[in-house]
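Novice: Next up is a structure, given as structure tokens.
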Amino acid sequence: MTIKRQLFLSNIYTLLTAIGCMAAIFVIARVAIHFLIGSPLFQEHPDVEWVRKAGRLFIIVCFIAFFTVFSIINSIITNRKTKRIIKPLDILSGGVRQIQENNFACRIEYDTDDEFRPVCEAFNQMAAQLEASSERRMKDEANRRELLAGISHDLRTPLTTIDGYLDGIESGVASTPEMREKYLHTIKNRTSEMKHIIEQLFLFSKLDMDEFPFSPRHFNVSRALSDMVEELADDYAMRGLEIAMEAHCENVMVHADVSHFRRVLINILENSVKYKEKETGRMNISVSVDNGIVQIIFSDDGPGVNPDALPNLFNAFYRSDHARNTKGSGLGLAISAKIIERSGGTIHAEGSAGGGLAVVIRLPVTTGAA
């Protein structure tokens, strides 16, 4: 019952109590006067004025008794209603204090069906949003620390190599032209690694801040992917990765940036090349469509990843505790996730049938000219 209805009923109850008490007073007064007039004392001394005075005095006493009883009843009713109002306010105040103490997991339990119930439900929704926001902030802070640690680690290694080889050249360790050429070649490669890391980091930062330019258009995903694979297959075959593709759909359109889509493909292929254990690894690409969703699965036969680590593979600079933890900056998959999410799709990792890693991309089917 709502508080408004409770107050209305209590007022009606108080009014009826007052009317009942008034009626009782008049009835008692009439009975008392009738009793006095019929008493032997009045028959012996018929003093009407005395009866009237006695009646007035009796009525005054009854009114005093009425107001006393009415005040007591009204006080009891008011206290009960006040407690019903104060109790939820105390509950809300306790919840607010918990929020002030950063206990965003607190929830208010209030089952009474009155005006305070939607307020308490709104408080619980607010607390849930604050808890989710706090968790995201803590996760972002952890990712930031991991990002800084990853940057430090991935830049320190080539810098140390470059510094060591420069010392070797300056100190005369590289005394022959062949050794100097070898040292300079190594320095150039390490410099290229650093340049690649910085470019990846710059791209990731721009994507994270939603400042990287996108030029989405409608294109045939199977055809575009097939053309990209045909273009890249020979180069990756020379690096020990065979690419096979099978498409179970034709003329299916998606809306995305083709150049960024190509970057996603290359990042996934680079990830497989880095971590392949066999002399010649294999990447199987499958394209299918179901219920208006295009699903692209990149499945390799490289080392597996701990199932607990799979959700974290798309975090920047994340390194799992399994085989895929020794090479690369970890930015490739993070950049791929940003691109796919910005294209309105989803990306996740799972174990492949061959024991390796499978990256699954889902994009909504669209209509439009290629």
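Rule-based calculations on the coordinates, nothing more; no lab input. Nothing here was measured: the structure is a model prediction, and the numbers come from that model. Ideal geometry is used to build each Cβ from the backbone, glycine not excepted, and the neighbour counts take in all protein chains shown.
Novice: State log₁₀ I(q)/I(0) for the stretch 204-320 at q = 0.19, 0.20, 0.21, 0.22 Å⁻¹ as given by the Debye formula over alpha-carbon point scatterers of equal weight, solvent excluded.
Specialist: -1.21, -1.27, -1.32, -1.35
Novice: On to the next question. With a point put 7 Å past each Cα toward its Cβ, work out how far R180 is from E115 in nm, to one decimal.
Specialist: Output for this residue pair reads 9.0 nm.
Novice: Once amide H atoms are placed 1.01 Å from N in the peptide plane, what residues at a sequence separation of 5 or more from S343, or on another chain, have their amide H within under 5 Å of its amide H?
Specialist: For S343, no residues qualify.
Novice: I would also like to ask the following. Are any of the pairs K139/K338; K206/K338; K139/K195; K206/K276 more than 21 Å apart by Cα-Cα distance, and if so, which?
Specialist: Long pairs (Cα-Cα over 21 Å): K139/K195; K206/K276.
Novice: What are the ³J(HN,Hα) values, in whole Hz, obtained from phi via the Karplus relation 6.51 cos²θ - 1.76 cosθ + 1.60 with θ = phi - 60°, for each residue of the stretch 354-367 in sequence order, with x given for Gly and Pro?
Specialist: With coefficients 6.51, -1.76 and 1.60, one gets x, x, x, 10, 10, 9, 10, 10, 10, 10, x, 6, 10, 10 Hz.
Novice: Given the Cα-Cα distance of E270 and I19 and 0.36 nm per residue of separation, how much length would full extension add, in nm?
Specialist: 81.3 nm is the gain from fully extending E270 to I19.
Novice: Further question on the same structure: In whole Å, largest first, what are the principal axis extents of the Cα atoms in the stretch 94-242?
Specialist: 90, 49, 28
Novice: Report the Cα-based extents of the stretch 83-180 along its three principal axes, largest first, to the nearest Å.
Specialist: So the three principal-axis extents are 94, 18, 11 Å.
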